[in-house]
Amino acid sequence: MHAKPSEADTVKKTFSDMLRAFFRKFLERSAKVLDSIGITPNLLTLLGVIGAVLAAVLLANGKLLIAGFIAGAASAMDAFDGSLARYQGATKPFGAFLDSTLDRYSEGILCFGLGLYFYSTQQYAMILWVAAAILGSMLVSYTRARGEAAGFSVHCGLFTRVERTIVFVLSLISGLVGPGIILIAVLANITALQRIFCVYRQEKNQVREDE
């Protein structure tokens, strides 16, 4: 049996947690409205993916500004579907699994569209940064899922999906897409390494307690 999270680990809040707390009342009111018109959490999740595909097509065609706004709207669905599921009492394992899986698809699709944009504008070095961003983003999610499946607390890391989304959207809207994707690539991979170290430290502490 693995060690329980320390008090510091359980109290520490990520930027995502703080955003959810700040917008909690707004999300709860929105969930009530969405429920009243018959919207389901899975429908919101699907709309988010469709939005990501549309944004990716626009990115591939060099429409960065409008793609940024659509990508932002699509990503916002992730906050609304969770709140709606809780309001409807429909928080089921498959719904959470589907949401998490489609989130990964959405990120990958957006980065793919951006990669096509860099290819069409002959910015070939930036394609490598896009690949690094995809790798880091997937590993941030995988390290948490695999760590928690092994019984560890992996509620740590500098650059979660919320931070990546904010940087991605702002970089498109501002036109600073190159620096934005480089920042995501670097910080996402650092976050994955942070989570690896987090799990290692917990296991090491457990070994010490067992001795």
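The values are calculated or read from the model by the stated rules, or taken from the named source; none is laboratory data. Everything numeric here is computed off the predicted structure, so don't read it as measured data. Note: ideal-geometry Cβ built from the backbone for every residue, glycine included; neighbour counts use all protein chains shown.
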Of those in the stretch 95-108 that are more than 13 Å from the chain's Cα centre (by Cα) and hydrophobic (A, V, I, L, M, F, W, C), the residue surrounded by the fewest Cβ atoms within 10 Å (Cβ to Cβ) is Phe97
When you look at Val140, is it within 19 Å of Leu102 (Cβ to Cβ), among the β-branched types (Val, Ile, Thr) and touching a Ser or Thr at 6+ places or on another chain (Cβ under 8 Å), yes or no?
yes
In the stretch 169-179, residue farthest from Ala55 (Cα to Cα) [restricted to those that are part of a helix (DSSP H, G or I) and in contact with a Leu (Cβ under 7 Å, 6 or more places away or on another chain)]:
Val177
Can you tell me which residue among Gly151, Gly157 is among the small types (Gly, Ala, Ser), under 14 Å from the mean Cα position of the chain (by Cα) and assigned to a loop (DSSP other than H, G, I, E, B)?
Gly157
Pick from Ala131, Ala188: which is touching a residue at least 24 places away in the same chain (Cβ under 8 Å) and under 20 Å from Tyr105 (Cα atoms)?
Ala188
Out of curiosity, is Ile173 surrounded by fewer than 21 Cβ atoms within 10 Å (Cβ to Cβ), within 20 Å of Ala74 (Cβ to Cβ) and either free of Cβ contacts under 8 Å to residues at least 40 places away in the same chain or acidic (Asp, Glu) (or both)?
no
Please count how many residues of the stretch 112-152 are over 21 Å from Ser75 (Cα atoms) and surrounded by 19 or more Cβ atoms within 10 Å (Cβ to Cβ).
6
Tabulated pairs, the stretch 24-43, first at pLDDT below 80, second hydrophobic (A, V, I, L, M, F, W, C), C-beta under 9 angstrom, 6+ apart or interchain
Leu27/Ala79; Leu27/Phe80; Leu27/Leu84
Identify, by number, the condition in (1) touching a helix residue (DSSP H, G or I) at 6+ places or on another chain (Cβ under 6 Å); (2) in a helix (DSSP H, G or I); (3) at pLDDT below 90 that Ser137 doesn't meet.
(3)
